[in-house]
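A quick write-up on the structure given underneath.
The values are calculated or read from the model by the stated rules, or taken from the named source; none is laboratory data. These figures come from a predicted structure and were not determined experimentally. As a convention, Cβ positions derive from the backbone with ideal geometry for all residues, glycine included, and neighbour counts pool all protein chains shown. SASA here: full protein model, heavy atoms, side chains in, ligands and nucleic acids out. Shrake-Rupley method; radii C 1.70, N 1.55, O 1.52, S 1.80 Å.
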Amino acid sequence: MSRSIATQTVDELGGPRSVLARQRRDHVQLDRLLHRLEETTGAAQEGVLQRIDRLVFSHAFAEEAVLWPVLRRELPDGDELTLGVEQEHQEVNELVAALERDGQDDHRRPARLARLVEVLREDVRDEEDVLLPRLQEQLSHDELRRLGARWELVRRIAPTRPHPTVSRRPPGNALSALPLSLLDRTRDVVDDAARRGPDRFAPFGRAVSSGLALVAGLVERMPPARTGDRPPTSR
Ligand SMILES: [Fe+2]
Ligand SMILES: [Fe+2]
């Protein structure tokens, strides 16, 4: 009988470098940010949302590219299990893309934010209570640590923004990861510089950021980026 990774000791998870311990650390940080998102409004809330985006998109992208293929290989019901979390990830991508597109004054924003919090919490529960314990049953502590190193590596070079058109499964997500990651991370630097720099720099920063977003939109719509998804996740 598998036990939630939420209630296990770090040693039981295979040590601090195990993929299970690494996942749980991110989930704890996400939980803190979700509480702050619910407590804040206006510019402060926008700042928290941006921190959530930068945490969850690279985290989830690396799950889709590295972890879920292992579950599909190891478990007879791996396809169904991973399809459920891929659909949650897809909804997160669509919600954040809509929040960014429609801005802070849109009347749907409160409902979208509430749903975003809800689906992110559901995703963490599904992973900690079901998927990751099942993975734990299949792999040794050594294997969990090796998988942890691979997941961490991919997470560090993964896209940091929503890409709802990209496939949630390889090969589409793997093929588009590098160009999208470069575009996203350049945008992150430009946006941060525009926010912190002199006011006269802000319009220029916004124009560069919009241009990069446009290019990312083209990349994620290219046919290779869309290959691999299992219906009904595909859009
Ligand atoms: Fe996760
Ligand atoms: Fe996830």
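Details
- From L175, L180, residue being at pLDDT 95 or above and touching a Pro at 6+ places or on another chain (Cβ under 8 Å): L180
- Members of the range 132-174 found to be among the charged types (D, E, K, R) and either in contact with an Asp or Glu (Cβ under 6 Å, 6 or more places away or on another chain) or open to solvent by 40 Å² or more (accessible area, probe 1.4 Å) (or both), listed by number: R134, E137, D142, E143, R145, R146, R150, R155, R156, R161, R168, R169
- When L81, L71, L99, L55 are screened for being within 16 Å of ligand 1 (Cβ to nearest atom) and under 17 Å from the mean Cα position of the chain (by Cα), only L55 passes.
- Among the criteria (1) closer than 29 Å to V28 by Cα; (2) surrounded by fewer than 14 Cβ atoms within 10 Å (Cβ to Cβ); (3) of a type outside the set (K, R), the one A177 does not fulfil is (2).
- Residue in the range 72-85 that is more than 16 Å from ligand 2 (Cβ to nearest atom), among the aliphatic types (A, V, I, L, M) and under 16 Å from L144 (Cα atoms) present: yes
- Long-range neighbours under 8 Å by Cβ, at least six apart or interchain, first residue without any contact (Cβ under 8 Å) to a residue 24 or more places away in the chain within the range 36-63, second more than 15 Å from ligand 1 (Cβ to nearest atom) and open to solvent by 50 Å² or more (accessible area, probe 1.4 Å): V48/R36
- Some residue of the range 186-205 being under 16 Å from the mean Cα position of the chain (by Cα), surrounded by 14 or more Cβ atoms within 10 Å (Cβ to Cβ) and away from ligand 2 (no atom under 16 Å from the Cβ): yes
- Given (1) under 30 Å from E220 (Cβ atoms); (2) away from ligand 1 (no atom under 16 Å from the Cβ); (3) modelled with pLDDT of 95 or more, index of the condition T9 fails: (1)
- Residues of the range 41-92 that turn out to be open to solvent by 20 Å² or more (accessible area, probe 1.4 Å), at pLDDT 95 or above, within 30 Å of D105 (Cβ to Cβ) and of a type in the set (D, E), as a count: 2
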